[in-house]
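Read through the structure below, which is laid out as structure tokens, and then see the notes.
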Amino acid sequence: MNDRKPWRGVFAIPLTPWTDDDEIDEDTLRAEIEFIIACGARGVIGPILVSEFQALDEAERRTFMRILVEQTNRRVPVIVNVAGVNTAQAVGYARYAREIGADGVIAMPPYALRYDLARTRDYLRQVAAAVQMPVMIQNADIAPLSPDQVVALCSEIEHVRWVKEEVSPRHRSIGALAAKRSPYVHGIMGGGGGQYIITEYARGACGTIIAPEICDVVQRIWDLLDAGASDEAATWYERALPAINLEFAMGMAFAKYVMVKRGVFKNYRMRAQADPLDADDVQEIERVYARLEPHLIWKLLT
């Protein structure tokens, strides 16, 4: 299989919408995926931390994966998270991802076990063998890999060719990995809500993986950077940054609140966040949203 997919730009992560009975709201999840595609995101990815994947049971996680592939219906690439607490669990998710027709998978090294490079190599090798499609390493502070280790894994294991680089400081980690110029690393994506999108782009990122609530604006920033319009990109970035900072401070409850404001979600219930938004949080979100709302692109298209 050719693992050099044209993955570039914003890949959005659907949030998990909950009913009042604390079940996945499947209709709203499908509407969210439609929103992401209409916003111009170049791909979807999940369920990962943004999706509260750690709070999903086995059946819920597979339901999320299936709906993600079904609703996208080949319009944009779908990358499915197969990370597990051990290799056997990850391989099971990987096989399911292949069965339902995902375009690729993302896997963090075993996050519940003591970090060990040999174990990580075996883990990724087994995941790649199970899917026979592009594999993205999620390189994060919880189980960090050095640039040399990432290059080695990509060169040694067939299909392991992509990286979501999140080791702090993220922008420098992206630059250090890009500087290796390895033919086995087909692309490096950032994240963090797009907080450092301009410097990540400058240092060699091919895209960014973010929550969906303002993915239309972040994709606009990326398109302007690709077009060489750096000043206009900076203007849009400065418009978006207060919202991005609130997401960083308040977590996915912020993102869900904005999705309610945008008419996609019915509520901003969280299963994996202990502290709900308080009245001051809501007041600040409303203030920031009012300033950003005139620039929301999806609103203008609907």
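Structural remarks
- When Tyr268, Tyr257, Tyr201 are checked against the criterion of being without any contact (Cβ under 8 Å) to a residue 60 or more places away in the chain, over 27 Å from Asp20 (Cα atoms) and crowded, with 21+ Cβ neighbours inside 10 Å, a single residue qualifies: Tyr201.
- Considering (1) aliphatic (A, V, I, L, M); (2) in contact with an Asp or Glu (Cβ under 9 Å, 6 or more places away or on another chain); (3) at pLDDT below 95, the lone condition that Ile79 does not fulfil carries the number (3).
- For beta carbons closer than 6 Å, sequence separation of 6+ or different chains, a first residue in segment 279-295 that is among the hydroxyl-bearing types (Ser, Thr, Tyr) and a second that is part of a helix (DSSP H, G or I) and at pLDDT 95 or above, the qualifying pairs are Tyr289/Lys261.
- Qualifying residue in segment 115-137 (condition: out of contact with any Gly (no Cβ under 6 Å at 6 or more places or on another chain), surrounded by fewer than 20 Cβ atoms within 10 Å (Cβ to Cβ) and within 26 Å of Gln195 (Cβ to Cβ)): yes
- Residue within segment 19-39 that is assigned to a loop (DSSP other than H, G, I, E, B), in contact (Cβ under 8 Å) with a residue 60 or more places away in the chain and crowded, with 21+ Cβ neighbours inside 10 Å present: yes
- Summed over segment 171-185, the residues that are crowded, with 20+ Cβ neighbours inside 10 Å and either closer than 21 Å to Val131 by Cα or modelled with pLDDT under 95 (or both) give a count of 1.
- Residue list for segment 49-67, filter: free of Cβ contacts under 8 Å to residues at least 12 places away in the same chain and among the small types (Gly, Ala, Ser): Ala59
- All positions within segment 177-223 that are assigned to a helix (DSSP H, G or I) and over 28 Å from Leu29 (Cβ atoms): Leu177, Ala178, Ala179, Ile198, Thr199, Glu200, Tyr201, Ala202
- Here Ala240 meets each of (1) crowded, with 20+ Cβ neighbours inside 10 Å; (2) closer than 21 Å to Trp7 by Cα; (3) under 20 Å from the mean Cα position of the chain (by Cα) with one exception, condition (2).
The values are calculated or read from the model by the stated rules, or taken from the named source; none is laboratory data. Note that this is a predicted model, so its numbers are computed, not measured. Cβ coordinates were reconstructed from backbone atoms using ideal geometry, including for glycine residues, and neighbour counts include every protein chain displayed.
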